[in-house]
Amino acid sequence: MSYDLTLRIWRGDANGGDFREYVVQAEEGQVVLDVVHRAQATVANDLAVRWNCKAGKCGSCSAEVNGYPRLMCMTRLSIFQPGETITITPLRTFPVIRDLVTDVSFNYERARQVPAFTPTAEQPRAPFTMFQPDVERSQEFRKCIECWLCQDTCHVIRDHEENKPAFAGPRFFIRYAELDMHPNDSLDRKKFVQDEQGLGYCNITKCCTDVCPEHIKITDNAIIPMKERVVDTKYDPIVRFLGRRKGTKA
Amino acid sequence: MPAEETFEHHDYDVVVIGAGGAGLRAAVAAHESGARTALICRSLLGKAHTVMAEGGIAAALGNLWPEDNWQVHFRDTMRGGKLLNHWRMAELHAKEAPERVYELEQWGALFDRTPAGKISQRDFGGHRYARLAHVGDRTGLEMIRALQQRAVSSGIDVFMELTVTDLLKDGDRVAGALAYWRESGRFVVFQAPAVVLATGGIGKSWKVTSNSWECTGDGHALALRAGATLLNMEFVQFHPTGMVWPLSVRGLLVTESVRGDGGVLRNSENKRFMFDYIPEFFKAETADNIEEADRWYEDKHNRRPPELLPRDEVARAINAEIKAGRGSPHGGVFLDIASRRTPEFIQRRLPSMYHQFKELADVDITKEPMEIGPTCHYAMGGVEVDPDTQASLVPGLYAAGEVAGGMHGANRLGGNSLSDLIVFGKRAGEYAAAYAKGLGAQRPRVNAADVSRAAEDALAPFGAGTAQENPYALHQELQETMQDLVGIIREEGEMRQALEKIASLQQRARNLSVEGNRSFNPGWHLALDLRNMLLVSQSVATAALERQESRGGHTRNDYPTTDPFWGKQNVVLALTGEAGQGPTTLAVKRQALPEPPPELAALLEDAH
């Protein structure tokens, strides 16, 4: 069953832009990305949009749908009221390149700063002996598809460009948590996360967890434990006095 | 435009095109060999089609079944490929896959574990033992992240959202490539004596496909245009289980792990129909009754359930059931794991399938069966390469992963793709680096006239004449043509019709016209991709017409059985004419399949 749907899409570039309305044909069971593609194929051939897998696995088609950060490929049209106009805007936290495509290079620069996984002296070469309950905590964070929705919604950098140089954002806090909880990693990145990546800026409002399409409990399972570990390292009088054994995991 | 434009210019030893599993592994290998290496990807880093791989990486680690070893893996791969694989590639793959998997762990990958703390392995079609290292059903994501993080921490230069339009040559040798930034549309010239193609698949030329927009066969087309050859392009794998409903997700992959973990196929009469489709070739190793099939999951001394026959067999069986009127309401069949495993088991082993069906189809797979049908998934054919070095016939041009041919023969086993990427990605990167180093001062140079010509070709859609064509409409026509005429079941008349249609689309593609400017313009991007899709589609139809038998991912109504003559033949294609106003023509050649040495041939005789 097909019907007419009104899309209101932001079109423009770094110099500015505006909303344009498109009426497109929609079908039962479709997602927002389907109707964006429909608009592209029929009435707006040069509409810029990123997408790849259309299955919620690659994290490319991130945008704000009626103001809420979402993957367009996983947003069913059935969640909207019949006749409702759907408004689509680019991620607000990152500079616009064109239309729905933003410059997300901030994230790739942050990725370069992560000190890589470094095996322990006890098990320097794979295959490693590691047990399922021990790898599971990090596995949760490795589900991340790097859609940058958590980065987009995070109020520390959303509308606060000035915080970007000091703050890596939720995606990278789960990356640091993942490495910290890896059963066979030897590096201690806690001071680095706190001092260089801005973990302290986060005041655990959990907006990142709310928008995560992979349902990763970013705040509860990664950021809060990392904050606790940082505090332990900083203020534990015994650790301060005796020093910390390399390779010890909190 | 190109006359006034100053092109950005880069000089490297090795340029790797494509940043999926093969490209990333090749770039890491080239970099570690000391080559100045560039990695080019059309999307953002980490979005390549490899992320969609679900089930696992096949490698005979022997963690669950100590009886498993490279010889059994080699044998399973060759038999799954209907013995048309290049034996040497299958041998290298089976021998080197375990070490490559451990390397991922060394770089931070976290695979699911056995109770003893080793990498866990799961069952898949065509593999005698549980062999696939996995992470739930998101193994591809784990693999791409481990490789991506390794590449980034090594400091390799990554060019994101850059598309290569042409390879550049100096005489017979590769000299570099021309590319454009998707963001700005501005051109970039790479000068490099060695280029590794790692561009992946071709599925975007079909209507029902599991492939993303990137799978336009760019590497296949670039290779042909540069003078390399393509091998066995007729073999296209239709994965048996793609989603069929809602239409929006038609073709989206449903992992084979569902069957590996106990799921079965049923028709509208609730019958487990796969028992009716066990071919002679696999009779000795396939259970012919439900009781034995169900015992196999726990005890490998039983024969395998027929749901875990190689993909080509299962896809044909599903196709036949649907045609016989025993399909599901939306034109598929039922894949049922709900009645066979507990909800907890299903959610733990198949989390992303649970998620996918729940969110996109309102189906709870722990409670009800899925509706599935075949979907275009994988190209077994590809660039003809040397099995050890991955070198094509053009000096300096290498290919690895799905874009390379030979490894999988007529049909690829599930799980063998991810292992293929890392085994041959590494080899391609190392040999490309060694080749570049060995040239010394005798390095090929990019020719300025070639650059201008390639840039003009790329900009043609902006200055089209009167008979204007819309790239989106043309793409849709191509997809319908390939789906209807060069699909799972083929015959001569339809393929001739397809070739005529493709030729006319190629003519019309000269008049493609795009609106807007060069900044992130998807209409223009598609217009350029179409040139490659048309050439690759022509290659598939041409090779499929040539091979007069049915084998693996190539089924002919008019030649319904395998033929021993064709079992010894490769079909090889070369480009003989393109550009200008004339038709695009391909030369077809039959070429003898290399024979395995006796000690490897003996392994293939073992029926069980």
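Share of carbon and sulfur in the accessible area of the protein assembly as shown stands at 50%, probe radius 1.4 Å. Applying 1/(1 + (r/R0)^6) with R0 = 22 Å to the Cβ-Cβ distance of A:Arg8 and A:Asp103 gives a FRET efficiency near 0.45.
Across chain A, Cα pairs under 8 Å and at least six residues apart give a relative contact order of 16 percent.
Heavy atoms of the protein chains alone define the surface here; on that basis chain B has 32 Å² accessible area per residue at 1.4 Å probe size.
Per residue, the convex hull spanned by the Cα atoms of the stretch A:2-102 amounts to 91 cubic angstrom.
When you count the other C-beta atoms within 10 angstrom of each residue and take the mean per peptide, B:384-391, B:333-340, A:128-135 line up highest first as B:384-391, B:333-340, A:128-135. Averaged over residues, the count of other Cβ atoms within 10 Å places the peptides B:436-446, B:501-511 in the sequence B:501-511, B:436-446, highest first. Which loop-located trypsin sites (Lys or Arg not before Pro) does the stretch A:115-164 contain, where loop means any DSSP state but H, G, I, E or B and the Cβ has at most 12 other Cβ atoms within 10 Å? Of the trypsin sites (Lys or Arg not before Pro), the ones in loops of the stretch A:115-164 whose Cβ has at most 12 other Cβ atoms within 10 Å are A:Arg125.
The separation of the stretch B:323-340 from the stretch B:46-108, counted between C-alpha centres, amounts to 31 Å.
Per residue, chain A exposes 43 Å² of accessible surface when a 1.4 Å probe is rolled over the protein heavy atoms with every protein chain present. Can you tell me the orientation of helix B:448-459 relative to chain B, as the angle in degrees between its alpha-carbon axis and the longest Cα principal axis, to the nearest 10? Orientation of helix B:448-459: about 60 degrees from the principal axis.
Here the stretch B:243-299 and the stretch B:186-216 have alpha carbon centers that stand 32 Å from each other. Among beta bridges from DSSP that stay inside the protein assembly as shown, the antiparallel ones total about 70%. Based on alpha carbons, the Rg and Dmax found for chain B are 23.1, 74 Å. Compute the separation of the alpha-carbon centres of the stretch B:415-485 and the stretch B:505-545 and state it in Å as a whole number. That distance is 12 Å.
By the helix-only formula, in which each DSSP H run with n ≥ 4 contributes -39500 (n - 2.57) and the sum is divided by residues, the protein assembly as shown has a 222 nm mean residue ellipticity of -10000 deg cm²/dmol. Annotation: peptides B:303-315, B:557-569, B:409-421, ranked by per-residue average of other Cβ atoms within 10 Å with the highest first, follow the order B:409-421, B:303-315, B:557-569. Between helix B:471-485 and chain B there is an angle of about 40 degrees, using the helix long axis and the longest principal axis of the Cα atoms. Taking every C-alpha pair closer than 8 Å and separated by at least 6 residues, the mean separation divided by the residue count of chain B gives a relative contact order of 21 percent. Helix B:311-323 and the longest principal axis of the Cα set of chain B meet at an angle near 80°. Taking a point 7 Å from the Cα of A:Phe19 along the Cα-to-Cβ direction, the residues of the stretch A:56-79 with backbone N closer than 12 Å to it are A:66-67. Shielding value for B:510-521 is 3, the average number of Cβ atoms from other chains within 10 Å of each residue's Cβ. Across the protein chains, with a 1.4 Å probe defining accessible surface, the residues B:Arg25, A:Arg98 rank A:Arg98, B:Arg25 from largest area downward. Listed by chain and number, the lysines placed with their C-alpha closer than 23 angstrom to that of A:Lys57 are A:Lys143, A:Lys206, A:Lys217, B:Lys47, B:Lys204, B:Lys207, B:Lys358; residues fewer than eight positions away on the same chain are left out. Partner shielding of A:5-12 amounts to 0, given as the average count of beta-carbon atoms from other chains within 10 Å of each residue beta-carbon. Accessible surface buried by the B/A pair amounts to about 5000 Å², both sides summed, 1.4 Å probe. Between A:His182 and any residue 5 or more places off or on another chain, the built amide H atoms are never under 5 Å apart. For the segment B:135-145, counting C-beta atoms of other chains within 10 Å of every residue's C-beta and taking the mean gives 3. Normalised by residue count, the protein assembly as shown yields a Cα convex hull volume of 162 Å³ per residue. Expressed as a fraction of 2.2 N^0.38 Å, the value expected for a compact globular protein of N residues, the C-alpha radius of gyration of the stretch B:1-111 is 1.41. Dipole magnitude for the stretch A:134-197: computed about the Cα centre from +1 point charges on Lys and Arg Cβ and -1 point charges on Asp and Glu Cβ, it is near 60 debye. Accessible surface for B:Cys41 stands near 10 Å², nearest 10, in the context of the full protein assembly shown (1.4 Å probe).
Look at the alpha carbon pairs under 8 Å that are at least 6 residues apart: their mean separation over the length of the stretch B:1-109 gives a relative contact order of 19 percent.
Beta-bridge orientation, chain A: approximately 90 percent antiparallel, per DSSP, counting only bridges with both partners inside.
The values are calculated or read from the model by the stated rules, or taken from the named source; none is laboratory data. Owing to the predicted nature of the structure, the values given are computational and were not obtained by experimental measurement. Glycine also receives a Cβ, built like all others from the backbone with ideal geometry; neighbour counts cover every protein chain displayed. With ligands, DNA and RNA removed, areas are computed over all heavy atoms of the protein, side chains included. Shrake-Rupley method; radii C 1.70, N 1.55, O 1.52, S 1.80 Å.
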